[in-house]
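The structure appears below as structure tokens.
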Amino acid sequence: MKFIKYETKEEFLENNLSILLREEARNEKIIGLIMEHDSEKVNRWLLGRIEDENDVKLIFIVDDDRNGLLLYSLDKILENEVIEFLIDNIVRLNVDLKDILVSKENAKNIANSYINETGKSMLDSEYRYMFKLSKFNEKHILNESEKVERLEENDENLKCIEELIKDMNEAANQDEDCTPEEIERIGRSFLRKGVYVFRNQDNEIVCQAITVRKQVNGCSLGGIITLKKHRGKGYAKRCVYEVCNKLLESNYEYIVLHVKPDNDAAISVYKKIGFEQIDELEKIKFV
């Protein structure tokens, strides 16, 4: 087998983008992260692929943006020989894996190989469903006086989403308080990416959705949350539908989002709109 390491973002994309685009939605993180960041940042990542007699076995990146190892394999289940070859080379290059985020079918084997090579332990593991929308199952039209709008990046709009960020952080971190500095950092990042907010009939901002990553032909939604005091009124369903409608009308071919398997309410909403599950990922953290 042959291990190929790319020195630049441009070289990686030239040799691998056409392959990644075969299943672009599945590869939305790899494509989106590389396209989002400038060359100076991406060139510090480990970018590579493994070939076996000129057949591409997998394409991968190890980034520094909390995702760790991401990979795309043309084979749904990787052979142990390929996994061990990948990990051997990662360790040889002194790359410290803090996380992996890969398909459930391969996650444990990759993690075990890395643990055996390094003596590290698995700190945490969680699953995420990946959903894709290309067309709607049903419409969820806004009620009278409701509207969805994209916020411009400014201090006034930063204040508008502070409460949503606090609720989102509470849901993700089990009631851990979010400092004002952290709220500002998250909020400015969201506004740069693209924040869509839902205003109810009283013109209150009660729900949001964020275009967290853009690919070649599609984009990914995240940060979808309704303020706790306004839940149970169907706002999230109408918000997500309206945002997706705007994005598809602006020539995106598909929209992707991730959701935890135990979030039954969100999964039900997404399926009603027309999202279909295309993958199950496992995120493993090491210590």
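Odds and ends about this structure:
- Between 0 and 90 degrees, the angle of helix 104-118 with respect to the longest Cα principal axis of the chain falls at about 50 degrees.
- A compact globular protein would have a Cα radius of gyration near 2.2 N^0.38 Å; the ratio found for the chain is 1.06.
- Approximate spin-label separation Ile278-Glu170, in nm, with each point projected 7 Å along Cα-to-Cβ: 3.4
- Pairs from the list Lys135/Lys214; Lys29/Lys283; Lys41/Lys214; Lys159/Lys246; Lys108/Lys132; Lys41/Lys120 with a Cα-Cα gap above 20 Å: Lys159/Lys246; Lys108/Lys132; Lys41/Lys120.
- Distance between modelled label sites at Glu7 and Glu181, nm, 7 Å Cα→Cβ extension: 3.8
- Percentage relative contact order, the chain, counting C-alpha pairs under 8 Å, at least six apart: 24
- Stretch in the chain that is longest and holds no trypsin sites (Lys or Arg not before Pro) that DSSP places in a loop and that have at most 16 other beta carbons within 10 Å: 140-230
- Of interest is the spacing of the C-alpha centroids, which for segment 238-287 and segment 32-65 amounts to 25 Å.
- Extension gain from Ile19 to Lys246, taking 0.36 nm per residue of separation minus the Cα-Cα distance: 78.9 nm
- Asp38-Asn112 pseudo-label distance in nm [points 7 Å out on the Cα-to-Cβ vector]: 4.4
All of the numbers you see were taken from the coordinates with simple rules; none came from a lab. The structure displayed is predicted, hence computed values, not measured ones. Please note: Cβ atoms are built from the backbone with ideal geometry, for glycine as well, and neighbour counts cover all protein chains shown.
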